[in-house]
1. Which residue, of Thr68, Thr104, Thr25, is of a type outside the set (Gly, Ala, Ser) and without any contact (Cβ under 8 Å) to a residue 24 or more places away in the chain?
2. Scan segment 60-78 for residues that are open to solvent by less than 50 Å² (accessible area, probe 1.4 Å) and either within 13 Å of the chain's Cα centre (by Cα) or within 13 Å of Tyr37 (Cα to Cα) (or both) and report the count.
3. If you scan segment 25-55, which residues turn out to be at pLDDT 95 or above, out of contact with any Lys or Arg (no Cβ under 7 Å at 6 or more places or on another chain) and within 14 Å of Arg101 (Cα to Cα)?
4. In segment 47-59, which residues are out of contact with any strand residue (DSSP E or B) (no Cβ under 6 Å at 6 or more places or on another chain) and either open to solvent by 60 Å² or more (accessible area, probe 1.4 Å) or within 28 Å of Pro14 (Cβ to Cβ) (or both)?
5. Just wondering, is there one or more residues in segment 17-37 that are open to solvent by 30 Å² or more (accessible area, probe 1.4 Å), closer than 18 Å to Ser120 by Cα and under 11 Å from the mean Cα position of the chain (by Cα)?
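The values are calculated or read from the model by the stated rules, or taken from the named source; none is laboratory data. Worth saying up front: this structure is predicted, and the values here are computed from it rather than measured. Note: ideal-geometry Cβ built from the backbone for every residue, glycine included; neighbour counts use all protein chains shown. The protein model used for the area step is the full one, side chains on, heavy atoms only, and it has no ligands, DNA or RNA in it. Shrake-Rupley method; radii C 1.70, N 1.55, O 1.52, S 1.80 Å.
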Amino acid sequence: QVQFEESGGGLVQPGGSLRLSCIVTGIVVNAYELGWYRQASGKERELVATMTSNLLTNYADSVKGRFTISRDDAKNTKETVYLQMNTLTPEDTAVYYCYARHMTFRDLDFWGRGTQVTVSS
């Protein structure tokens, strides 16, 4: 059973930083890309950042230079993925979802429940 333990969301002022964490268990992690999507109220879910098991990254244009994704502490069926978010703006307010997608079988994906990030003064 695939499980996600997401943490790190919350309320932050514009210009501030947050670090999201997601512990993924129950999959052979080196066969999956891990990453984050987000969904703002009234908008479609959008990709934020992804990282393959060989550490190739992909970022949305809107977060390049501000957000950094990383993976750490990989075991066979457990790994943690992080999203360091700096210089946050109100436009970054959204529910952030951790996900895992098989790098060969692209229809095989799993999703966390999401963590709320609110950027407001």
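1. Testing whether each residue is of a type outside the set (Gly, Ala, Ser) and without any contact (Cβ under 8 Å) to a residue 24 or more places away in the chain leaves just Thr68.
2. Count: 6.
3. Residues satisfying the conditions are Gly35, Trp36, Leu47, Ala49, Thr50.
4. Of everything in segment 47-59, those that are out of contact with any strand residue (DSSP E or B) (no Cβ under 6 Å at 6 or more places or on another chain) and either open to solvent by 60 Å² or more (accessible area, probe 1.4 Å) or within 28 Å of Pro14 (Cβ to Cβ) (or both) turn out to be Asn54, Leu55, Leu56.
5. Looking through segment 17-37, at least one residue is open to solvent by 30 Å² or more (accessible area, probe 1.4 Å), closer than 18 Å to Ser120 by Cα and under 11 Å from the mean Cα position of the chain (by Cα).
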